[in-house]
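Heads up: the structure comes next, in C-alpha cells.
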Amino acid sequence: MKKLFMLIIGFLMLSMAGVVHASDEKPWKIGILMWHETDHDEAALRGFKAGIELSGIPHTFDLQRAYSNEEKAKAFIRTWNNEKIDLICTIGTKATLWALEKATDIPIVFTSVTDPVTSGIANSWESQGRNVTGSSNWIDGKHKLKIFKEGIPHLKTLGVIYNPKNPVPVVEVEYARKQAQELGITLKEATIENVDQIENAISKLISQGIDALWVPIEVLVYHNMERVGRITQAAKLPVVSSSLEGIEVLAQGESVGMISVTVDYEALGRLCVPAVIEILTTGKDPKDIPITTLEHQRIIINANAADAIGYQIPPTFLAKASQVIRGFSGQKIIVGGTGDSQHLLSEIAKALEERLGGGEIEVPESIGSGGGIRAVAAGKIDLARVARPLKENETKLGLTYKCFAKSPVVFVIHPSVTGIEDLKSEDIIGIYSGKINVWGQLGGQDQKIYAITREVGDSCRIVLNKRIPGFKDITEPTAKVIYNTPEAVATLIRHKKTIGFLPMPMTIGKDLKILTVDGVYPSAENIRSGRYKLVVPFGIVYKGELKGLAQRFVNFLSSTEGKRLIAEYGAVPE
C-alpha cells in the first residue's frame, strides 16, 4: 500500500501555487460530492477545503450533498459534466463510485474511501487505470484486530454486525476474516438490512459466546448505537469500533463503544490535496498518481463505556491511547429554541464547559420556543430553551418543563436618544399606535420615533398584552415586526432612533439604554416583589430521563454558580 506525499506536500503546494499565480487563468472549478453526513466525512471535507485554501491556487468550490440519495448524486454529476468543471472531489466510497460511472472525462480525487481496490474504484493502489486517485482511510485488518485484542486480552471470539449491502464494512470484514485466525480470534458474523434487526442480531451473537462486539464502518449501526447498548450493556459485553462515531457518547443514554481504531480524517482530507494540485497545474493523469494512506492510526478509548459494563481496561493499553474519553469528554448536547435566553445560556454553557474541562454544549441560533419544543420532542436536540410553559397539547408528548429563571421584559433605546429615561404605560400605547411619533413629545429630541415589535405569539409580546392595559387592543400598529430576538438586538443597535422590547439578558454588554416603566426599574428586587410586572419565564424542556451532560447542564442552572450567572445577566434565578 502506497504511503507518500506527506513530506512533499508543502513543496508541491508552494511551487504549484506559484505557477498558477503567475498566469492569468481563471480559477479552477472543483465540484465536491458528499454522499452522507457522518462526522468523519465532515472532518475530511474540512481538511480538503483547508488544504486547497492553504495551497493558494485560484479556485471555486461547488459543494453538493446527496444525503444518501442516488438520484441527487447523479443529477449533480450530470450538471458538472455539462459545465465541464476542472475536477471532482468525492468524499466516501459511494460518492466515488457514482462519480466514476457518470463522469468519465473529469479527473476525480477521492478521500474517506476505505478500500478503493476491493470496492472497484481502482485496479490497484499503484496504478488505478481510471480517471481517479485519492487518499484512503484504510487500516490493515490484522493491525486493527491486534489492537482490539490488546484492549481486551481475553478476546477469542469476536462478533461483528454489518449491512451486507454496504461495500465499506463488507471489505473490512472480508480482510478480518482472513487475518483473525493468525491472532487466535474466531469471527462470528451477523448481517442486518434495517434498524429493527440490530438487537436480535446482537442477541444471537451473544448466544454464540462472543467476548466482544465489533462495529465496522457501518452508518446503519452507528446511528442506532442506543439499540446496541440495550443488549451489550445488559450482557456486560465490550464494544469496539472502526470509527469514532461508534464510541461517542449518546444523547439517549450512556456510552456504548469502548475502543476505536481510526484515522485523523481532517488530515486524510488534506492528504489528497497534492494530487489535486498536480492534476490541475501540470495536467498529470490521475491514474498515474498512487493512492495514499495515513502512516499513523488513532486509538480512542471511552473509559465511560468501560465503567458502564464494569470492565477494567489494561493500564498499558490506556497509555497507548491517542485520546481517552472520561467524564463528559466527548459528549455533545444541543440546547435549541427561543432567542430570548440564547445569550444567557450561551454564557452559562461556556462557563460549564470551562469548569468541566470536557464536553461540548452548543446553543445555536433561535428557532423559537415552539421550534425548540418540536425539535426536542422529535429527538433532534437534547434540550429546548423556552420562554413560556408547555401548552396542553405539548404536555402529551412526554416532555418535562423546568423553569430556571424569570427575566424582565425591558424597553430599550440607543444611548444617543437623550432626554428619555422613563415610559408611562400610556406612552408605550402612544408609540406603538403611532399617536406618539417624535421623541420630542416625550421630552427628548425633535426626531422621529421608529418602533419595532415581535410577531404574534412571541413570549415577550404576550407579556405586554397581559400587563400593559390597551397594548393588545392597538388596531393599527405602526411598529415593524422582527421575527427573532438576536435580530431585534441588531436592529436597535444599528438604527439609533429605534425603540423596542427585549428580555433583559439580551441587553447585557450591548450599547443599549434600559428605560424604567411607570417609574419602576427592572431590578431583581422589583421583580421578586411584583412591582415590575413585565416578566417572562425562562425554562428548559426535555424528553424522557435526563442523562450525562444534559443532566449536568440542567443541574448547573440551579447550582450556586449557575444562579450567580443568571443574576449577572439581569434575570432572577428560580
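Each value in this text was obtained by applying a stated rule to the coordinates, not by laboratory testing. Predicted model, so just to flag it, every value in this text is computed and none were measured. Here Cβ is always computed from backbone atoms with ideal geometry, including for glycine, and neighbour counts include all displayed protein chains.
For the range 66-159, the C-alpha radius of gyration sits at 1.38 times the compact-globule guess of 2.2 N^0.38 Å, with N the residue count. Going from the residue with the fewest nearby Cβ atoms within 10 Å to the one with the most, Ser207, Ser407, Ser346, Ser459 rank Ser207, Ser346, Ser459, Ser407.
What do the square roots of 5 times the Cα gyration tensor eigenvalues come to for the chain, in whole Å, largest first, as semi-axes of the equivalent ellipsoid?
Details: eigenvalues 564, 211, 75 Å².
Taking √(5λ) for each Cα gyration eigenvalue gives 53, 33, 19 Å.
The order of the peptides 150-157, 299-306 by mean Cβ neighbours within 10 Å, most packed first, is 299-306, 150-157.
In degrees from 0 to 90, rounded to the nearest 10, what is the angle of the helix 70-83 Cα long axis to the longest principal axis of the chain? Roughly 90 degrees, rounded to the nearest 10.
Of the listed peptides 521-534, 265-278, what is their order by residue-averaged count of other C-beta atoms within 10 Å, with the highest listed first? All intermediate terms of the calculation are to be shown ahead of the outcome.
Details: 521-534: 16.1, 265-278: 24.9.
Sorting 521-534, 265-278 by mean packing, highest first, produces 265-278, 521-534.
Among 387-400, 461-474, 359-372, the peptide with the highest mean count of other Cβ atoms within 10 Å heads the list, and the full ranking is 359-372, 461-474, 387-400. Each of Arg230, Arg552 was scored by other Cβ atoms within 10 Å of its Cβ. Listed from fewest to most, they are Arg230, Arg552.
Can you give me the angle between helix 548-557 and the longest principal axis of the chain, using Cα atoms only, in degrees from 0 to 90, rounded to the nearest 10? So the helix axis and the longest Cα principal axis differ by about 20 degrees. How big is the antiparallel share of DSSP beta bridges in the chain, given as a percent to the nearest 5? Of the beta bridges lying entirely in the chain, close to 35 percent run antiparallel.
In degrees from 0 to 90, rounded to the nearest 10, what is the angle of the helix 273-282 Cα long axis to the longest principal axis of the chain? Tilt relative to the chain: about 80 degrees.
The local environment of Gly519, defined by Cβ-Cβ distances under 11 Å, has a net charge of -1 under the rule Lys, Arg +1 and Asp, Glu -1. Helices in the chain, meaning DSSP H runs of at least 4 residues, each add -39500 (n - 2.57). Divided by all residues, the mean residue ellipticity at 222 nm is -10500 deg cm²/dmol.
Multiplying the sequence separation of Thr491 and Glu362 by 0.36 nm and subtracting their Cα-Cα distance, what value in nm do you get?
Details: separation 129, 0.36 × 129 = 46.44 nm, distance 2.47 nm.
Extra length available between Thr491 and Glu362 comes to 44.0 nm.
Rounded if a/c is under 1.5, else prolate if a/b beats b/c, else oblate: with a ≥ b ≥ c from the C-alpha gyration tensor eigenvalues square-rooted, which is the range 40-105? Since a/c reaches 1.5 but b/c is at least a/b, the shape of the range 40-105 is classed as oblate.
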